[in-house]
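Participant: After the structure tokens below, expect a handful of questions from me.
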Amino acid sequence: MAIAPQLGPVVDSASATSSSPRMECKTMPRRRFQSGRVYLRGTRWVGSYREYEINPETGKRARKTITFDATVTSERAAKAALQPYLDDYNARAKANSKPSAPRGGKAVRALIKEWTDKILPNRKPGGARAAVSHIRTYILPQLGEVALRELSLSQHQTFVTAVGLRVDRRKTAENVYGTLGSILNLGRKWGHAIPSVEKRDIVFPADKKPQPQVFFFDADTAARVINIAPYPFKMMFLIAAVCGLRIGEVTALKVASIDFKRKLLRVTGALDYATRKESTPKSDNSAAPIHMSELLAKHLHDWLDNRYVANVDGYLFTNSKGRPYLSDNVVKYGVHRAMKKLGIETAKGVHVGIHCFRHGVSSELLEAGTPIHVVTRLMRHADSNVTLEHYAHILGDAERVASEKFSQRIGQQITQLKSDSELESTSVIKTA
């Protein structure tokens with residue numbers, strides 16, 4: 001058998017052959033993928049795995065034992081030295097393996113259990129919580145006992161309609177269905193017999209309630225909120241207002257994030273709003289440096305010189321216990337209290353938080369006529385469509401000018417008509 005070249009190990013021949021009598025084997029042992037094992041024998045590391053070729057006399061695969069040379073001094077190094085042999089074996093096993101027949105007897109509940117064990121731990125905390133909520137509230141109660149092979153287009157539509165009867169927004173139904181679709185797609189790749197259904201064939205419910213008004217801080221309101229807020233919220237709000245950062249990105253900022261020489265604020269992480277666990281920002285585009293204005297640089301210097309409290313992890317803002325702030329506390333004790341002091345009221349159901357500063361940045365830039373691609377880069381969106389989707393409520397100067405010009409043309413014609421009082425007088429005379 002041709003195997004990967006050896007880098008110094010000695011192959012023990014004792015285990016490579018067998019002196020047992022020849023036997024007739026009707027079934028060949030399956031060639032499974034293997035990871036081998038390594039262990040110490042005296043002072044030398046040893047690797048062990050089974051050969052790919054079957055011994056014609058025993059009908060089994062002999063175990064290969066490899067004693068590595070003295071340069072292999074740790075378990076990690078031993079595993080690395082053994083890996084070429086395993087790669088050769090597993091590549092041949094994969095090339096000669098036959099795909100198993102699709103499985104269709106499982107119910108949705110069993111696939112969700114498999115997905116939860118394999119995939120859920122790899123999700124970010126926020127995404128994991130949303131998926132668990134969708135599964136517990138909608139998917140398991142309605143589809144848990146349904147066989148995977150019975151998930152036809154009709155079954156999908158019934159599920160979406162049932163979700164729509166319980167929620168007020170089309171977006172919520174789409175998010176729930178997105179979780180279900182992600183689980184089923186992986187189930188198909190894992191070999192389960194699940195009918196393929198396209199999302200474009202699903203009719204989603206219409207929004208039952210008008211979309212809530214987007215609340216944002218313009219430059220003047222942002223300045224008032226910043227002025228009246230106490231430290232460290234004052235500094236957090238200034239960063240959010242000037243740079244358009246999300247709440248998790250603000251709380252995750254560290255001293256190392258500040259580059260005064262290049263005038264950059266580097267966004268490399270975000271804290272989960274519930275657990276304060278640090279992870280990557282929302283997307284790859286979000287992990288980007290942001291220009292540090294002279295105003296922000298001045299106040300950051302002042303913060304580091306006079307107010308910053310050193311901590312083990314180097315977070316820019318920490319509470320009295322030396323831990324980074326919970327997002328909810330920043331909003332509750334920072335934003336909401338500042339708005340209450342200023343007497344700023346909002347309509348019922350309107351969410352107010354750090355994102356109001358982010359919306360304000362985009363609003364001011366778009367209304368000032370800043371090109372959409374520039375705003376997209378500043379907001380660190382994937383493309384301009386994302387910016388337009390989230391900030392389509394903004395009316396820019398170009399739209400205002402066009403509307404005024406058209407109104408003036410109509411106004412020139414309206415001035416030639418009689419006023420309401422004249423029309424009323426004429427009507428009275430005629431009826432009299």
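The values are calculated or read from the model by the stated rules, or taken from the named source; none is laboratory data. On a predicted model such as this, the values are computed, not experimentally measured, just so you know. Counting neighbours? That spans all protein chains shown, and the Cβs are built from the backbone with ideal geometry, glycine included. Remember, those area values only see protein heavy atoms, side chains included, never the ligands or the DNA or RNA. Shrake-Rupley method; radii C 1.70, N 1.55, O 1.52, S 1.80 Å.
Participant: Any idea how far apart THR346 and SER384 come out in nm if each label point goes 7 Å out from Cα toward Cβ?
Facilitator: 3.0 nm
Participant: Can I ask one more? For the stretch 117-197, what is the largest minus smallest coordinate of the Cα atoms on each principal axis, given in angstrom and ordered from greatest to least?
Facilitator: Extents along the principal axes, in whole Å: 34, 31, 19.
Participant: Residue separation times 0.36 nm, minus the C-alpha to C-alpha distance between ILE119 and LYS321: what's the value? Mind dumping the intermediate values first?
Facilitator: On the way: separation 202, 0.36 × 202 = 72.72 nm, distance 3.42 nm.
Full-extension gain reported as 69.3 nm.
Participant: Can you pull the accessible area of LYS254 for me, 1.4 Å probe, Å² to the nearest 10?
Facilitator: 50 Å²
Participant: Could you give each residue of the stretch 136-147 its phi-based ³J(HN,Hα) in whole Hz, using Karplus coefficients 6.51, -1.76, 1.60 with θ = phi - 60°, and x for Gly or Pro?
Facilitator: The phi angles translate into 5, 8, 10, 6, 5, x, 9, 10, x, 9, 6, 5 Hz.
Participant: While we're here: Figure the gain on full extension for LYS263 and ALA77 (residue separation times 0.36 nm, minus the Cα-Cα span) and round it to one decimal in nm.
Facilitator: 62.6 nm
Participant: Would you mind checking which residues have amide H under 5 Å from LYS254's amide H? H placed 1.01 Å from N; only 5 or more apart, or other chain.
Facilitator: Hits under the 5 Å cutoff: LEU316.
Participant: Leaving ligands, DNA and RNA out of it, work out the accessible area of MET235 with a 1.4 Å probe and give it in Å² to the nearest 10.
Facilitator: The accessible area of MET235 comes to roughly 10 Å².
Participant: With a cut-off of at most 14 other beta carbons within 10 Å, and DSSP calling the residue loop, which trypsin sites (Lys or Arg not before Pro) in the stretch 76-179 qualify? Please list them.
Facilitator: Details: sites: ARG76, LYS79, ARG92, LYS94, ARG103, LYS106, ARG109, LYS113, LYS118, ARG123, ARG129, ARG136, ARG149, ARG166, ARG169, ARG170, LYS171; in loops: LYS106, ARG123, ARG169.
Here the sparse-neighbourhood loop sites are ARG123.
Participant: Along Cα→Cβ, 7 Å out, is where each label goes; now give me the distance between the ones at ASP284 and ASN185 in nm to one decimal.
Facilitator: 1.6 nm
Participant: Also, I was wondering about something else. Let's test this: bin the Cα-Cα distances of the stretch 260-357 at 5 Å from zero up to the farthest pair and state each bin's percent.
Facilitator: Percent of pairs per bin, in order: 2, 10, 14, 20, 23, 18, 10, 3, 0, 0.
Participant: Here's something else I'd like to know. Starting from the exponent 0.38 and prefactor 2.2 Å, build the expected Rg for the stretch 167-295 from its residue count and divide its actual Cα Rg by it. Provide the component values of the computation, followed by the final result.
Facilitator: Numbers: Rg = 20.8 Å, N = 129, 2.2 N^0.38 = 13.9 Å.
Rg over 2.2 N^0.38 Å, computed on Cα atoms: 1.49.
Participant: Apply the Kirkwood formula to the stretch 183-259: the hydrodynamic radius equals the inverse of the mean of 1/r over all pairs of different alpha-carbon atoms; give it in Å with one decimal. Display every interim value, and only then the final one.
Facilitator: On the way: mean 1/r = 0.0572 Å⁻¹.
For the stretch 183-259, inverting the mean 1/r across all distinct Cα pairs yields 17.5 Å.
Participant: Could you work out how much longer the chain between SER133 and HIS336 gets when fully extended? Use 0.36 nm per residue separation minus the Cα distance between them, nm to one decimal.
Facilitator: Working: separation 203, 0.36 × 203 = 73.08 nm, distance 2.74 nm.
Working it through step by step, the gained length comes to 70.3 nm.
Participant: Related question: Along the Cα→Cβ direction, 7 angstrom out, place labels at ASP87 and VAL214. What is the inter-label distance in nm?
Facilitator: According to this spin-label approximation, the distance is 5.0 nm.
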